[in-house]
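Trainee: Before we start, here is the structure in question, set down as structure tokens.
The values are calculated or read from the model by the stated rules, or taken from the named source; none is laboratory data. Owing to the predicted nature of the structure, the values given are computational and were not obtained by experimental measurement. Neighbour counts are summed over all protein chains in view; Cβ atoms, including those assigned to glycine, are modelled from backbone coordinates with ideal geometry. To get the accessible areas, we keep the full protein, side chains included, count just its heavy atoms, and leave off ligands, DNA and RNA. Shrake-Rupley method; radii C 1.70, N 1.55, O 1.52, S 1.80 Å.
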Amino acid sequence: MEIFDSLLAIGLLLVVAKLLEGLFKRIGISSIFAYAVAGVILGPATGLVEPNRDIQLLLNIGIFIFFFLVGLDELDISGFISAIKGRLFVAAVLSVAISMVGSMLVTTDVLFDVGLGLAFTDAMAVAGVLSLSSLGIVAKVLIDEERLKEPVGIQIFTGVVIAELLVLFIVGFAISEHAFLESEGRFNVVTSVLLLLGELAAFTLVTWLVCNKVIPRVLVLLHRVLQVPQLSYGLLLGGLFLVIVAAEEVGLHGSLGALLFGAALSPLPYQLRHDSMPGMRSTAEGLFVPLFFASAGLNLNLTFLELHPEVIAALIFVPLAAKFAGAFISAYITRLESPFAVASGLMAKGVAEIALLLVMLHGHIIDEALFSLLVVIMFGYILLTPMGISFAIRRVRHTEAVADSEIPHLLDRFVLGDVHVEDVLDHTRIYPDQSITVRNFVEHWTTSEQHDYVVVDGSRLAGVVSLSFLRYLPRSQWGSTSLVEVLRQGTPTASPNELVEDTLQRMLDSSLTVLPVVDPETGDFQGSISSYEILEMILLTAGGRDI
């Protein structure tokens, strides 16, 4: 009966969460609030759902998939490394330092004790959550205000990227240190910190090298040899779970391993992302993420009202003041333009903070009263900071957009306008050769969403074959007819440096859904671009900002 009770609870949570999501979106409220409210209604309010072992397993998987997607969408380690220079990096580091110090004044008992009773590393984790900035919120506001490619937008965006990655590592380290000290109690604090830092550095390096150098090549090879549907999705999902286990084995929290795995895979070629990410996102957004954030509502209660009013006020206003002061002072000291706007951007908070608080609650770092108070505070940030950022940005006069060549690499994935063919071209893709038979082509190369296909002659372009042309070829001749005999005549091509918008227009004029990409100077075949892939890319990029 326990399994059916769990299925009933999961079913209720999913149905109520998704229905509330639809209602909340009509009035412009984030889906995360809908999921949390569903948890409150079914948990503390009515008692219909109580967390058990089966539900907790799904919630844990949801945590890991959520942090994997955060790493994939928001963290660009190569872009972060390229930004480790100049005033923006100094400003971001100084902002994080001031905010962390201010927040730890109320989470520790170093200067005065507010009665939280947290160990030092646990207090550091809470302070990190209070100091974290949200790239997703900042990017959405900048896009809505059409300021993403202006100097002020680039400054805000880059500063938040640096600050977010720094604080995520601090919080991940603190959470891992808590678990490490519990399991390795024979070490003193200094020794355990040094050991954990070494393991974190080694794990990050190995994960980065494997995901950047090995996994893409292996996936391309397996796709070519095995031709299994949803191969990338299955392998990446299984790989995610293996990385989580490996992270736990070396003393890191699984969520940090998932975050690093996602960040390391962020440069994955588009075709591999196309094969795997829709399934990953559907699984996450349809099942795990709603359950995950509904659990925040299940664990939310009013016990935080029993805390002293001074404690509640201190946790609300001291970190808020420290975060803004740190952001403004650092921007002013480093002489950034528009320090108020930059400071407002660093104030942004999103749903990753709630996810971290759930990890800390399940890891017994914080109790339910502190968890409930901090979740309420985070909801306040999520509702109010976008308005504050918009207000600050509007006070800055509009300037000319920065040239594409001057835009930082880590901003590329958030800029949807002025996309060139080379920006979306996947050089790892393989194409059918003109020598194969039509039967082989139909059985192994065609998909339900694609009508036209680029065909090659070795490494050179042969032409395009359209499925509509095959209607005039009897099936009895498919086995004896090669693709070269059914190629479309006079195939138009695209150039790597032309705008995608122009390419789409040429597809429309030629009644094609795909165009070969050819270097205009050398005539070398570069790859292909299709209308379906462009639309899919834009939807994936825009959809990723909501997580």
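Trainee: Looking at (1) of a type outside the set (Lys, Arg); (2) at pLDDT below 80; (3) in contact with a helix residue (DSSP H, G or I) (Cβ under 6 Å, 6 or more places away or on another chain), can you tell me which one Leu13 breaks?
Mentor: Among (1) of a type outside the set (Lys, Arg); (2) at pLDDT below 80; (3) in contact with a helix residue (DSSP H, G or I) (Cβ under 6 Å, 6 or more places away or on another chain), Leu13 violates only (2).
Trainee: To continue, here is another question. Between a first residue in region 240-259 that is within 16 Å of Gly198 (Cβ to Cβ) and a second residue that is among the charged types (D, E, K, R) and not in a helix (DSSP H, G or I), which pairs have beta carbons less than 8 Å apart while being 6 or more apart in sequence or on different chains?
Mentor: Close Cβ pairs (under 8 Å, with a partner that is among the charged types (D, E, K, R) and not in a helix (DSSP H, G or I)) amount to Gly251/Glu184.
Trainee: Mind listing just one residue for me: the one in region 97-145 that is charged (D, E, K, R) and touching a helix residue (DSSP H, G or I) at 6+ places or on another chain (Cβ under 9 Å) and, of those, surrounded by the fewest Cβ atoms within 10 Å (Cβ to Cβ)?
Mentor: Looking at residues that are charged (D, E, K, R) and touching a helix residue (DSSP H, G or I) at 6+ places or on another chain (Cβ under 9 Å), I get Asp144.
Trainee: Quick check on region 16-33: of everything there that is surrounded by 12 or more Cβ atoms within 10 Å (Cβ to Cβ) and of a type in the set (Gly, Ala, Ser), which residue is modelled with the lowest pLDDT?
Mentor: Among those that are surrounded by 12 or more Cβ atoms within 10 Å (Cβ to Cβ) and of a type in the set (Gly, Ala, Ser), it is Ser30.
Trainee: Identify all residues within region 456-476 that are polar (S, T, N, Q) and in contact (Cβ under 8 Å) with a residue 24 or more places away in the chain; write none if there are none.
Mentor: Of everything in region 456-476, those that are polar (S, T, N, Q) and in contact (Cβ under 8 Å) with a residue 24 or more places away in the chain turn out to be Ser459, Ser466.
Trainee: Residues in region 1-43 that are in contact (Cβ under 8 Å) with a residue 24 or more places away in the chain and outside any loop (DSSP other than H, G, I, E, B): how many?
Mentor: 25
Trainee: Sort out for me the helices (runs of 4 or more DSSP H) sitting completely within region 286-348 that have 1 or more residues that are open to solvent by 40 Å² or more (accessible area, probe 1.4 Å).
Mentor: 309-333, 339-346
Trainee: Let me ask something else. Looking only at region 423-449, count how many residues are charged (D, E, K, R), over 19 Å from Phe525 (Cα atoms) and assigned to a strand (DSSP E or B).
Mentor: 0
Trainee: Restricting to region 44-62, give me the number of residues that are in a helix (DSSP H, G or I), modelled with pLDDT under 80 and either more than 19 Å from Glu353 (Cβ to Cβ) or among the β-branched types (Val, Ile, Thr) (or both).
Mentor: Looking only at that region, the number is 6.
Trainee: Looking at Ala123, is it farther than 30 Å from His308 by Cβ, in contact (Cβ under 8 Å) with a residue 12 or more places away in the chain and either aliphatic (A, V, I, L, M) or in contact with a Phe, Trp or Tyr (Cβ under 7 Å, 6 or more places away or on another chain) (or both)?
Mentor: Against the criterion (farther than 30 Å from His308 by Cβ, in contact (Cβ under 8 Å) with a residue 12 or more places away in the chain and either aliphatic (A, V, I, L, M) or in contact with a Phe, Trp or Tyr (Cβ under 7 Å, 6 or more places away or on another chain) (or both)), Ala123 does not qualify.
Trainee: Which residue, of Val114, Val138, is modelled with pLDDT under 85 and not in a helix (DSSP H, G or I)?
Mentor: Of Val114, Val138, the one residue that is modelled with pLDDT under 85 and not in a helix (DSSP H, G or I) is Val114.
Trainee: For the subset of region 386-416 comprising residues that are in a loop (DSSP other than H, G, I, E, B) and open to solvent by 40 Å² or more (accessible area, probe 1.4 Å), which member is modelled with the highest pLDDT?
Mentor: Among those that are in a loop (DSSP other than H, G, I, E, B) and open to solvent by 40 Å² or more (accessible area, probe 1.4 Å), it is Arg395.
Trainee: Can you confirm whether region 494-503 contains a residue that is crowded, with 17+ Cβ neighbours inside 10 Å and free of Cβ contacts under 8 Å to residues at least 60 places away in the same chain?
Mentor: No, every residue in region 494-503 fails to be crowded, with 17+ Cβ neighbours inside 10 Å and free of Cβ contacts under 8 Å to residues at least 60 places away in the same chain.
Trainee: Okay, moving on. Based on what the data block shows, is Leu515 more than 33 Å from the chain's Cα centre (by Cα), surrounded by 13 or more Cβ atoms within 10 Å (Cβ to Cβ) and either assigned to a strand (DSSP E or B) or among the aliphatic types (A, V, I, L, M) (or both)?
Mentor: Details: more than 33 Å from the chain's Cα centre (by Cα): no; surrounded by 13 or more Cβ atoms within 10 Å (Cβ to Cβ): yes; either assigned to a strand (DSSP E or B) or among the aliphatic types (A, V, I, L, M) (or both): yes.
When the stated conditions are applied, Leu515 does not pass them.
Trainee: Out of everything in region 184-235 that is open to solvent by 50 Å² or more (accessible area, probe 1.4 Å) and of a type in the set (D, E, K, R), what residue ends up being modelled with the lowest pLDDT?
Mentor: Here the answer is Arg186.
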